[in-house]
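Where a number appears in this text, it was derived from the coordinates with a stated rule and is not lab data. Since the structure is predicted, the reported quantities are computational estimates derived from the model, not experimental observations. Cβ coordinates were reconstructed from backbone atoms using ideal geometry, including for glycine residues, and neighbour counts include every protein chain displayed.
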Amino acid sequence: MEDKNQWPLYEVFVRARGGLDHKHVGSLHASDARMAIDHARDLYTRRQEGVSIWVVPSKAIVASDPTETDSLFEPARDKIYRHPTFYDIPDEVKTL
Amino acid sequence: MSAAAPQVGSEALFRYVLRLGDLSLVLGQRLGEWVGHSPALEEDLGLANIALDLIGQARMLLSYAGEIEGRGRDEDKLAYLREQGAYFNAILAEQPNGDFGQTIVRQVLIDAFQLELYERLAASHDERLAAIAAKSVKEVRYHLRYSSDWLVRLGDGTAESHARVQSALDLLWPYTVELFAADELDLAMADSGIGPRLPEVQSAWSARIEAILTEATLRRPADRPHAWHGKRGQHSEHLGYILAEMQYLQRTYPDARW
């Protein structure tokens, strides 16, 4: 579904600071990957939100099917023993 | 730069700092005209970001100029209450936006100039100027990345985009000569180790522009003598309109505050 009058869509991921992971922050239009980085810098890091940017063509993202939500995610609900909630986390650990 | 560099008077330094500040101020104001009119929402923000960087540079420089002058004029008084003839920007900055391509051409030409200028000013004997330049050079490096990327896309793009930016380049090129035409003030600043030698800035600028134009498949126009002196306060017909819009509020409601 490429519209010649519309630049392709990119998804933007920003790393807030060293040691953290890149988080999805939104999307934008750009004609190429380098322009997408520039736009992401101008749109999503103008208030010092980040130190690193990833951009990914939106069409490269494969998403789970919303109609399969029940079968994909419900079965995990009653398996609380998978959560590491039985450990004491030291106060010094900030970004677990 | 020798330790025995001659001193310059505060009047000369005042005018020199205004030259630097007015270039950023007028170009920033011009770019601001794009807000709400850009070809894409993303470019709206991109151009506005550059405009705000430039206004920020102008604020630092005009504040400093006001302190040098010592007559109680702050950045706002200098920006909003000077007449056209007391503005000292090179007139390339005040040339109209035209289409997006023309704005980009003007931006590339000035970004590359400010980059070479600030890189050298960062080593100025004047500590305040050196600090302002060191901060601004990071901004300008991004501005040139943005503008030169666009010039390459447009120049090496479609036949239509190529023709448009080539004609914008032909239109604006003659105004670049003034940037490097050193007058007594530029020479005095260079002699005292405050400002860079403009021929040095010019050859670095020229090499940089040459590389960008080659990649953008654009033809470099020939240099021609120029007959304008925005740096001395003699402006094209465009600056008056810019100032009328920019200064309207302060002149109509003196000392109005945000």
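Here are a few things to note about the model shown:
- Average projection, convex hull of the Cα set of chain A: 9.5 square nanometres.
- Neighbour-limited loop hits for trypsin sites (Lys or Arg not before Pro), segment A:37-87 (at most 16 other Cβ within 10 Å; DSSP other than H, G, I, E, B): A:Arg46, A:Arg47, A:Arg77, A:Lys79
- Each pair of Cα atoms in the protein assembly as shown enters the Kirkwood radius, and Stokes-Einstein at 10 °C and 1.306 mPa s then converts it into a translational diffusion coefficient of 69 µm²/s.
- Between the amide H of A:Gly50 and any residue lying 5 or more places away or on another chain, no distance stays under 5 Å, with hydrogens modeled in the peptide plane.
- Debye equation applied to the C-alpha atoms of segment A:9-63, log10 I(q)/I(0) at 0.17, 0.26, 0.27 Å⁻¹: -0.47, -0.99, -1.05
- With a cut-off of 12 Å between beta carbons, the residues surrounding B:Gln84 carry a summed charge of -3, where Lys and Arg count +1 and Asp and Glu -1.
- Segment B:108-233, dipole about Cα centre (Lys/Arg Cβ +1, Asp/Glu Cβ -1), debye to the nearest 20: 240
- Base-10 log of normalised Debye intensity for chain B (one unit scatterer per alpha-carbon) at q = 0.14 Å⁻¹: -0.95
- Chain B: most fluctuating residue of B:Gly230, B:Gly46, B:Gly155 per GNM, C-alpha cutoff 10 Å: B:Gly46
- Percent of alpha-carbon pairs separated by more than 22 Å within segment B:158-258: 53
- Sparse packing (at most 10 other Cβ atoms within 10 Å of the Cβ) combined with a DSSP loop state is found for the following GluC sites (Glu not before Pro) in segment B:1-109: B:Glu83.
- GluC sites (Glu not before Pro) within segment A:33-96, DSSP loop, no more than 11 other Cβ atoms inside 10 Å: A:Glu92
- Taking the C-alpha atoms only, the angle from helix A:33-44 to the longest principal axis of chain A is near 70 degrees.
- Over segment B:62-133, volume per residue of the alpha carbon convex hull, in Å³: 111
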